[in-house]
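Step one of this worksheet: look at the structure below.
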Amino acid sequence: MPEAASGSAAAAGAICAPLLALAGVHTHIGPYHILHGVDLAVPRGGLTVLLGRNGAGKTTALRTIMGLWRASAGRIDFDGRPIAALPTSDIARAGIAYVPETMGIFSDLTVRENLVLAARQGAMDADRLRWLFGLFPAIERFWQLPAGTLSGGQKQMLSIARAIIEPRQLILVDEPTKGLAPAIIANMVAAFRELKATDTTILLVEQNFLVARALGDNVAVMEDGRIVHAGAMAELAEDRSLQQRLLGLSLDMHQ
Amino acid sequence: MTAPAPAAAPAKGAAMARSSAPRSRLLSAVLVLIFAGLALAPFVFPGSQSLNVAAKICYFIVLAASFDLLLGYTGIVSFAHTMFFGIGGYGAAISLYALAPDWTSLAIGTLAALVVSVLLALLIGLFSLRVRAIFFAMITLAVASAFAILASQLGWLTGGEDGRTFRVPELLRPGTRLMDGTLFGVQINGRLAAYYLVYASMVLLFVTMLRVVNSPFGSVLQAIRENDFRAEAIGYRTVVYRVVINCIAAAMATLAGVLCAVWLRYTGPGTTLSFDIMLDILLIVVIGGMGTLYGAVIGATLFLLAESYLQSLMGAFSAATAGLPVLPQLFHPDRWLLWLGVLFILSVYFFPSGIVGRLRGR
């Protein structure tokens, strides 16, 4: 498996079979047709950013991958296996971790219990835990407190820590920097950099283009429930007119 | 767990080390008082009425705590809990009545009741725990009503509306003398043995339930209560956990029913299956504090004390104020239900998180 650290390596990674592939995925939520045939390939290793305006369907795409919304049509393959029909818990056990936008922690449980739950082996690996404490010192500090008492940034870190307490093949992260202070965002970016150095593949939904550019190897842009652009991040980062065309509005909002 | 204990855990963190511990000195003191009071009840509060109340508190603690496993820990609203309580009561009653009044029949009745309860809970769970909570509540209501009707119709088996009066194993009969003379002025007879059987079983079952909720399994339940989609998304098949806890809670309620039957030497629709009991359990758990188990202990104690003594207390008050206007009528013993209702409303208003939640300062 290639260590996809740069844009060119990631572009090369697209040639071999992607870890996650969506083909023609449609999702309906009640009477609303949200995804209109999403085609998305997430190559192994490295970080793919999913960009797009509010309401473009990014969160719905992640939730559909997790089986929290059911695809009404199309195919989702993970590691060469179709997963669209599996129950959510089996999708999670296949090796996909999900960090929802709403910081999906359990506020009544302690920080420790939150992590133990996610460590499905029943025990947490001491070395990995030490590595996590290094990434997110707050987790060690508030180890025995109910997770509900943490601050927003700390909850977000716990939510990410929970996704990586055991090695997972793919992590879906939904807007981790939303509403966080710049210093915490920097901390988060550093943590993702370190996570990228491990074998993990990350699919990151991000509105903040600066963060996306700093972390992404590949990028896909969504609009109205479809992928309208996919390629290497380096390409998009250099092409101002392409940015303007694809992200015009959301870029203005963030700069 | 192999995780190293974090060196820098602050003092507050250490105090809250286990989310399961009482976590409040006052709460711990109240719990110790209740358990000690129940242990010494036959000697401290002699008399058959107080012993009856104490025994009822014991088996209601088990019943309410098992309901809390569903309502408080997993967020499942079930109205079938008295059905399982009744299955336990009838299991013991039918077996002791139809076979011989000995320990073997009690064991057979208990086992048979457990099997029936767990199977029923499994069936109800598999069929309806996938659907929305309100449907589950409705289905349990329907099944419980059907069961109550069935119990009163099958007169040859259950004794119908009259219920079954039966004899218990010899050791537990009131006539059995276990010791000559008295101990602290109390006769050591079969009644006392029956009380301590109920008490010891209650302690054992309560500790078992504490262990269930404090296990990793218990954390999953609390995760499901908070957000079942999140629990699914980290890899737990929530329906399996819901069904399993439904079965465990049913088994516990069944055992509480056996204790009730053994203590009363009688099982009938009024003592086990009535919807009033279902409402009592609901009130006990809500007043005591949901999702704590300790709330069941405090709630059951307060509720049953109020139910048993409020009327006579009001009678005394009413008699004392006999010469005054309005007051004697207002506090007439016949109005005790009104005042019980007022007490409930006040307690829910002032302790929205239950008494345990209040004692923990939340």
Exercise. Calculate the length of the line joining the C-alpha centroid of segment B:83-105 to that of segment B:236-257, in whole Å.
Key: 22 Å
Quiz item: Fewest first, what order do B:CYS58, B:CYS247 take by the number of other Cβ atoms within 10 Å?
Solution: B:CYS247, B:CYS58
Practice problem: Over all alpha-carbon pairs of segment B:23-359, lay out the pair-distance distribution in 20 Å bins, whole %, shortest bin first. | Solution: 30, 57, 13, 0
Quiz item: Expressed as a fraction of 2.2 N^0.38 Å, the rule-of-thumb size for a compact globular protein of N residues, what is the C-alpha radius of gyration of segment B:282-362?
Solution: 1.27
Exercise. Using only atoms on other chains, find how many Cβ atoms lie within 10 Å of each Cβ of peptide A:146-152 and report the average.
Key: 1
Exercise. Calculate the spin-label point distance for B:LEU324 paired with B:VAL348, positioning each point 7 Å from the Cα along the beta-carbon direction, and give it in nanometres.
Key: 2.9 nm
Self-check item: Rg [Å, one decimal], Dmax [Å, integer] - segment A:105-167, C-alpha atoms
Solution: 10.2, 28
Exercise. Positive end of the charge dipole of segment B:164-264 (Lys, Arg +1 and Asp, Glu -1 on Cβ, about the Cα centre): tell me which of B:LEU192, B:ALA251, B:THR176 has its Cα farthest that way.
Key: B:THR176
Self-check item: Principal axes of segment B:279-319: Cα extent on each, largest first, Å
Solution: 41, 17, 10
Quiz prompt | Shielding of A:59-66 by partner chains, average beta-carbon count, 10 Å | solution = 1
Exercise. For each of A:GLU206, A:GLU194, count neighbouring Cβ atoms within 10 Å of the residue's Cβ, then give the residues from fewest to most.
Key: A:GLU194, A:GLU206
Exercise. Only bridges with both residues in the protein assembly as shown count here: give the DSSP antiparallel percent, nearest 5.
Key: 60 percent
Self-check item: Dipole magnitude of segment A:105-167 about its Cα centre (Cβ charges: Lys, Arg +1; Asp, Glu -1), debye to nearest 20
Solution: 80 debye
Quiz prompt | Of the DSSP H helices in chain B, those whose Cα atoms cover at least 24 Å axially and whose Kyte score averages 1.6 or more | solution = B:25-44, B:103-128, B:133-153, B:238-264
Quiz item: What nm distance separates the two modelled labels at B:ALA146 and B:LEU340, each placed 7 Å from Cα along Cα→Cβ?
Solution: 3.1 nm
Quiz prompt | Translational diffusion coefficient (Stokes-Einstein; Kirkwood radius from C-alpha pairs) of segment B:167-217 at 25 °C, 0.890 mPa s, in µm²/s | solution = 192 µm²/s
Quiz item: If we count other beta carbons within 10 Å of each Cβ, what is the order of B:GLU307, B:GLU170, fewest first?
Solution: B:GLU170, B:GLU307
Exercise. Project the alpha carbons of the protein assembly as shown onto their principal axes and report the range along each, largest first, in whole Å.
Key: 97, 53, 51
Quiz item: Radius of gyration and Dmax for segment B:221-362's Cα atoms, expressed in Å?
Solution: 19.8, 70
Exercise. Mind computing the radius of gyration and Dmax over the alpha-carbon atoms of chain A? Å is fine for both.
Key: 17.5, 51
Quiz prompt | Count of Lys pairs (Cα-Cα under 25 Å; at least 8 positions apart or interchain) in the protein assembly as shown | solution = 7
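No lab work stands behind these numbers, since they all come straight from the coordinates. Since the structure is predicted, the reported quantities are computational estimates derived from the model, not experimental observations. Here the Cβ is made from the backbone with ideal geometry for all residues, glycine too, and neighbour counts use every protein chain on show.
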